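Chemist: I have a structure here, written as structure tokens, and I will follow up with some questions on it.
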């Protein structure tokens, strides 16, 4: 199993949770500040070698919601979970298998939380190919983005070792009974390249340096940031706190 080099250089991982300024409307601005370190953890994020912003900056709330996947769950759910991820990322895969299903069962299917996935393709070319695959699958029907998202993580086998090669990406589409001609045309034309690039730019705007990274947008539009593949209980605590407001 290969793990992205910079993620190993962190040493002991850290769980970072911060509260960002409230945003009041979908077109408003939020003041984004540095996160508050609250606890140690072994859930290390895959890291992009760059620096987070050192001073507050005004950021449009569209940075959290544009250039993203379709919503998973009830669009009227009071809480939004935004994930920035890379399909080749070890810790993104860990979150998917250890935590995401519990969140879906307990909060998404009960109408309390909706999920948005945003691409932050920092590991290698196959990361971009995999991201294209999920968006090309989305062209063929409601829910197929998330079906393809799941099959990618179910077939995860390391980083930069070929499991997410263009040939395998088409094979996963075949496993989902997609129209292969339509899917292949979409992939060859790179129809969703601008969305994938823009999503990565959104991650940079937010000062993200690794994957996975999460933002929880609450009932009162307060935003909490969670860095790394934290356990279910971390998300549960924030969701329940927001639902009690």
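Chemist: Among DSSP beta bridges whose residues both lie in segment 51-141, state the antiparallel percentage, nearest 5.
Modeler: Roughly 10 percent of the DSSP beta bridges within segment 51-141 come out antiparallel.
Chemist: Here's something else I'd like to know. Could you give the nm distance between label points at residue 106 and residue 237, where each point is 7 Å from its Cα heading toward the beta carbon?
Modeler: Placing both labels 7 Å along Cα→Cβ, they lie 1.3 nm apart.
Chemist: Report the full-extension gain for the segment residue 75 to residue 174: residue separation times 0.36 nm, less the Cα-Cα distance, to one decimal in nm.
Modeler: 32.7 nm
Chemist: On to the next question. Fewest first, what order do 189, 159 take by the number of other Cβ atoms within 10 Å?
Modeler: Fewest to most other Cβ atoms nearby, the residues stand as 189, 159.
Chemist: Hey, another quick one. How do 102, 112 rank when sorted from fewest to most other Cβ atoms within 10 Å of their own Cβ?
Modeler: 102, 112
Chemist: Here's something else I'd like to know. Would you order 233, 83 from fewest to most other beta-carbon atoms within 10 Å of each residue's own beta-carbon?
Modeler: Least to most surrounded, the residues fall as 233, 83.
Chemist: Further, regarding this structure: Between residue 193 and residue 219, 0.36 nm times their residue separation minus their Cα-Cα distance comes to what?
Modeler: Answer, rounded to one decimal: 6.1 nm.
Chemist: Using the Cα atoms as the points, what is the convex hull volume per residue of segment 98-245 in Å³?
Modeler: About 121 Å³ per residue, rounded to a whole number.
Since every read-out is calculated from the coordinates, none of them should be taken as a lab result. None of these values were measured; they are calculated from a predicted model. Cβ: placed from backbone, ideal geometry, glycine included. Neighbour counts: every protein chain shown.
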